[in-house]
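A.B. asks: What follows is a single structure, and I will ask about it in a moment.
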Amino acid sequence: MSKGKYYLTTPIYYVNAAPHIGTAYCTFSADLIKRHKKQQGYDPVVLTTGSDEHGQKVERAAKAIGKTPAEYATTIANEFVRQWQTLGISYDRFIRTSDPKHFAVVRDLFERCEKNGYIYTGSYTGQYCFFDELYVTDAKPGDPCPDCGRLTETVTEENYFFKLSAFQDKLLSLYEREPKFIQPDTRRNELIGFVKKGLKDISITRTTINWGIPAPVEGKHVFYVWFDALISYMSAVQGTNLWPADLHLIGKDILRFHAIYWPAFLIAGELPLPKRVFATGWILVQESKMSKSRGNVVRPGPIAQVMGAGDELAGSDALRYFLWREIPFGQDGNFSYDALIDRYNADLANGIGNLASRTLTMIHQYCDGKIPASAGDPDIAASAARTTDLVNGHFDEFDFTRGIEAVLAFISQIDKFIVEHAPWKLVKARAADPEAESKLSETLYTSAESLRLICGWLYPVMPTSMVKIWTQLGMDTPLDLVSADVLVWGKLTPGQAVGKVQAVFPRIDSKPAIQKMQELEIVEIDRQNALMGKKPEPPPGDKASEQSELISIDDFAKVDLRVGEVKSAEPVKGADKLLHLKVDIGEPEPRTIVAGIALAYKPEQLIGRKVVIVANLQPRKLRGLTSQGMIVAASIDGGLPVLAGFREDIPVGARLK
Ligand code: MSP
């Protein structure tokens, strides 16, 4: 009998970056949970994923390559769909926030909140970057824009606000009433602490953005992306009775949106709340967060190709296995090619793969390729029952690492069992000894039955590879339809013919495999850049291309060069090359500039001199002073710097273009 429906979601991914192993991690994990829940008898089990497409960044990225935001978003959304398919993700629905069906659901929730008195108009003040046309969250007046480095400006606009402040007590009592609403517990505690400090109302519309869902109000308002994005979880299953979601699986960085905003919006709209939000940790590369500027982004495609020797679904299994085996679910953990291959060879090639091929080969050689008749070894049968409980218990709690460890412990036990019973000796003795014949049957039945259960336990972890072993065992029920009641000892039918033996996890030679993955990674980066309309990156160390690299006028326009007048100049203690200047560039306060020109200029020579300043460099600390810009000078190899200046008189603050 069905345990009822189970609806789970991945986050919907931003379309400003192609999939990488971090986004794949969350998606793989949702796929594992879906397969596990199905096996446990939930029906239907529905998994949705999708793309988060609105906002200024997408609008701007599209414009830069001469596409409309809709075209741009489609390109990247398709890339996610393609990637999830090649990695074997069994999602049921891919929701795009640009889908008009989603618009209707967003507007409906807004209207419900409004009807219940949780929406009001107010003015929103934030730090805005006019060049990038976006608000810089958390910036203070005077802070630069993290994207382009220009100073942000304080802007006030009339917006619609959501009364989040009215939800502090309601949310705290929700967390109390439903202790599993936020998982893992460490995150739950952090979040409760945060909510206890008090919640501020949030602005949920914008007038500074065009690429968004128009709000059903007067004027040019579109919804703030998070109001839009969270509701996609409902739009994805609109017209079904799947809502509320049983699980939102997310990364820890977006927990506040899911555990505070989302339930508050739903309570305000008098709609049912999701049952659980589970936040995963981060996949780190070289111990740090993946980022384009660090150049440590790792994509799943090349790994899947190499680890599966061309069979991407098999390679996807190797990556999945590694991530859950290596990193306790919910915590941060490191990815490395070396560790991936070590685990693969130790646990998969030598462990499960070896158990499968030796068991099946012996059945072919000693039993005419048919499962022998036996009830199996009672101790192993009891251990299998315990392992089933352990695996299910851990998977139910999303502790995939422990679940896998329980299977590995069982595999070691079987390996030992086979060695102890030595079927290769029993086969020689059987002609003269009927006892040896029945021992042989028992040993091989035990190994094959263990293998069948291992396929069932690990199917959610490595669906493609477990199906391969399952098929070699001669099973005919498709493994994805197998439920827990079949995964009990003794259901393997004697006499069943086993299939052809093929290595499921062939050993991988580390060095050439890593080299191949790195080569394919570059091919993948170029392909994705081409998709996003970017030029291929020159190979590192390519002098000719470095020298001839041209920048666009937009790149040049990013540098804010201004005319300044030196107001004061002093030596910097303990630094004979530095001068501490105060330079007026037409702002209310002169800038502090620390310049390495003390050997070329005396402080008094500089007072009143017009100079050129780079005004939007990130501030930098030098000898305890914060330099708020750079003075432009020609530097002649080995010689002293010569300051740039003008023959004509020129007003302070003028921009150089
Ligand atoms: N669009 C929002 C989510 C809206 S959901 C209503 C978003 N998108 S994202 O593409 O930036 O990130 C999506 C998910 O991927 C987040 O859960 C994030 O935590 C996860 N990850 C991105 N990089 C990651 C790692 N390196 N490691 C693990 N997960 C990471 O946020």
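A.B. asks: Cβ-Cβ distance below 6 Å, separation of 6 or more or different chains: which pairs start in segment 9-21 with a residue that is in the same structural domain as His102 (by TED's automatic domain parsing) and within 8 Å of the ligand (Cβ to nearest atom) and end on one that is basic (Lys, Arg) and at pLDDT 95 or above?
C.D. replies: His20/Arg299
A.B. asks: Need pairs with beta-carbon distance below 8 Å; first residue farther than 21 Å from Ser357 by Cβ and surrounded by 15 or more Cβ atoms within 10 Å (Cβ to Cβ) and within segment 411-440, second of a type in the set (S, T, N, Q) and modelled with pLDDT of 95 or more; sequence gap 6+ or separate chains.
C.D. replies: Short answer, once both residue conditions are applied: Ser438/Ser374.
A.B. asks: Sticking with this one: Considering Asp52, Asp31, Asp108, which residue is surrounded by 24 or more Cβ atoms within 10 Å (Cβ to Cβ), away from the ligand (no atom under 12 Å from the Cβ) and modelled with pLDDT of 95 or more?
C.D. replies: Asp31
A.B. asks: To continue, here is another question. Being more than 13 Å from the ligand (Cβ to nearest atom) and either touching a residue at least 24 places away in the same chain (Cβ under 8 Å) or surrounded by 23 or more Cβ atoms within 10 Å (Cβ to Cβ) (or both) is the filter here, so list the residues in segment 275-299 that pass it.
C.D. replies: Looking only at segment 275-299, we keep the residues that are more than 13 Å from the ligand (Cβ to nearest atom), and these are 275-276, 293, 295.
Lys275, Arg276 - these are the residues of segment 275-299 that are more than 13 Å from the ligand (Cβ to nearest atom) and either touching a residue at least 24 places away in the same chain (Cβ under 8 Å) or surrounded by 23 or more Cβ atoms within 10 Å (Cβ to Cβ) (or both).
A.B. asks: Do any helices (runs of 4 or more DSSP H) lying entirely in segment 250-327 carry at least 1 residues that are within 30 Å of Asp147 (Cβ to Cβ), and which ones are they?
C.D. replies: Details: elements: 262-268, 300-307, 312-326.
Output list reads 262-268, 300-307.
A.B. asks: Residues that are at pLDDT below 85 and closer than 30 Å to Phe80 by Cα: list the helices (runs of 4 or more DSSP H) wholly contained in segment 531-645 that include at least 2 such residues.
C.D. replies: On the way: elements: 543-547, 553-557, 603-606.
So the answer is 553-557.
A.B. asks: Looking at Phe398, Phe417, which one is on the phi < 0 side of the Ramachandran plot and of a type in the set (Phe, Trp, Tyr)? Spell out the reasoning first.
C.D. replies: Working: Phe398 fails: on the phi < 0 side of the Ramachandran plot.
Sole residue among the options that is on the phi < 0 side of the Ramachandran plot and of a type in the set (Phe, Trp, Tyr): Phe417.
A.B. asks: Somewhere in segment 617-627, is a residue surrounded by fewer than 14 Cβ atoms within 10 Å (Cβ to Cβ) and either farther than 28 Å from Pro146 by Cα or more than 43 Å from the chain's Cα centre (by Cα) (or both)?
C.D. replies: no
A.B. asks: Just give me the residues in segment 75-103 being assigned to a helix (DSSP H, G or I) and in contact (Cβ under 8 Å) with a residue 24 or more places away in the chain, in sequence order. Reasoning before the result, please.
C.D. replies: Quick first cut of segment 75-103, residues assigned to a helix (DSSP H, G or I) only: 75-86, 100-103.
Correct list: Thr75, Ile76, Ala77, Glu79, Phe80, Gln83, Trp84, Thr86, Lys101, His102, Phe103.
A.B. asks: Of the residues that make up segment 515-522, is at least one surrounded by fewer than 19 Cβ atoms within 10 Å (Cβ to Cβ), farther than 22 Å from Thr361 by Cα and among the β-branched types (Val, Ile, Thr)? If you could, list the steps in order and put the result at the bottom.
C.D. replies: Pass one, segment 515-522, residues surrounded by fewer than 19 Cβ atoms within 10 Å (Cβ to Cβ): 515-516, 518-522.
Filter again for farther than 22 Å from Thr361 by Cα, leaving 515-516, 518-522.
Pick out the ones that are also among the β-branched types (Val, Ile, Thr) and you get 522.
Within segment 515-522 (the criterion being surrounded by fewer than 19 Cβ atoms within 10 Å (Cβ to Cβ), farther than 22 Å from Thr361 by Cα and among the β-branched types (Val, Ile, Thr)), the answer is yes, since at least one residue qualifies.
Yes/no matrix, rows are residues, columns are (1) within 11 Å of the ligand (Cβ to nearest atom); (2) farther than 22 Å from Gly55 by Cβ; (3) modelled with pLDDT of 95 or more:
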residue: Ile213; (1), (2), (3): no, no, yes
residue: Ser232; (1), (2), (3): yes, no, yes
residue: Asn241; (1), (2), (3): no, yes, yes
residue: Arg256; (1), (2), (3): no, no, yes
residue: Tyr261; (1), (2), (3): yes, no, yes
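A.B. asks: Can you find a residue in segment 153-167 that is surrounded by fewer than 17 Cβ atoms within 10 Å (Cβ to Cβ) and assigned to a helix (DSSP H, G or I)?
C.D. replies: Yes, segment 153-167 has at least one match.
A.B. asks: From the list Pro328, Pro302, Pro272, which residue is assigned by TED's automatic domain parsing to the domain that holds Leu32 and either within 16 Å of the ligand (Cβ to nearest atom) or not charged (D, E, K, R) (or both)? First the steps, then the outcome.
C.D. replies: Values: Pro328 fails: assigned by TED's automatic domain parsing to the domain that holds Leu32; Pro302 fails: assigned by TED's automatic domain parsing to the domain that holds Leu32.
Within the list Pro328, Pro302, Pro272, the selection yields Pro272.
The values are calculated or read from the model by the stated rules, or taken from the named source; none is laboratory data. Nothing here was measured: the structure is a model prediction, and the numbers come from that model. Note that each Cβ is placed from the backbone with ideal geometry, even for glycine, and that neighbours are counted across all protein chains shown.
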